[in-house]
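Quick notes on the structure that follows.
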Amino acid sequence: MRFSKMLTILPIVVASYAFASPLEKRVTVSDIGDIISPTDGSSITPGTPFSFQYADGYGAGCYAGYTSIDVWLVDHEPTGSDLNSTYQFPDGNFLYHFGSYTIINFIGLPPGVNPSPPSTLTLPDPLDAAYDNQEVWFAVTEELSACVV
């Protein structure tokens, strides 16, 4: 299987401070962060590590200390509408979930809830043979919260 296209989906949780009780606003924005590696057209082999590098959307108007990301492999070009209310691909709508990670946006902060993203990922099990030499998509969902607005 090979990656033909990659998409970053950025769900953002922003609190509104204009009211006495904060309101929660959820916005889904596509293509904010950047999947640097694997590159478009890369091939992956189950059991063989491949390079992973992601530049989050931090700096695009949100100044949270931590950015939570999830890394996915899907069989269709993903969009924000594919995600459920917890910003996950529902069961049956993804091929593999590589895991949940935390990006620390400021030097000196303690570790986040999840580990930092690794520099390599591995698809541990072969996918259905129907996906051999087929296009699949690598997707990263990014959730920012407690932004300064």
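A short reminder: the numbers here are calculations on the coordinates, not readings from a lab. Here the structure is a predicted model, which means the values were calculated and not measured. Glycine gets a Cβ as well: all are built from the backbone with ideal geometry, and neighbour counts include every protein chain shown.
Just a few scattered comments:
- Rounded, prolate or oblate (a/c below 1.5 giving rounded, otherwise prolate when a/b exceeds b/c) for the stretch 82-133 by Cα gyration tensor: oblate
- Between the amide H of LEU123 and those of GLY47, THR48, distances stay under 5 Å, these residues lying 5 or more places away or on another chain, with hydrogens modeled in the peptide plane.
- Of the residues PHE98, PHE138, the one with the fewest other Cβ atoms within 10 Å heads the list, and the complete ranking is PHE98, PHE138.
- Theoretical gain in end-to-end length, ILE36 to THR86 [0.36 nm per residue, Cα-Cα removed]: 15.5 nm
- Calculated on the alpha-carbon coordinates, the convex hull of the stretch 38-112 measures out at 146 cubic angstrom per residue.
- Label point distance in nm, HIS97-ALA130, each placed 7 Å from Cα along Cα→Cβ: 2.2
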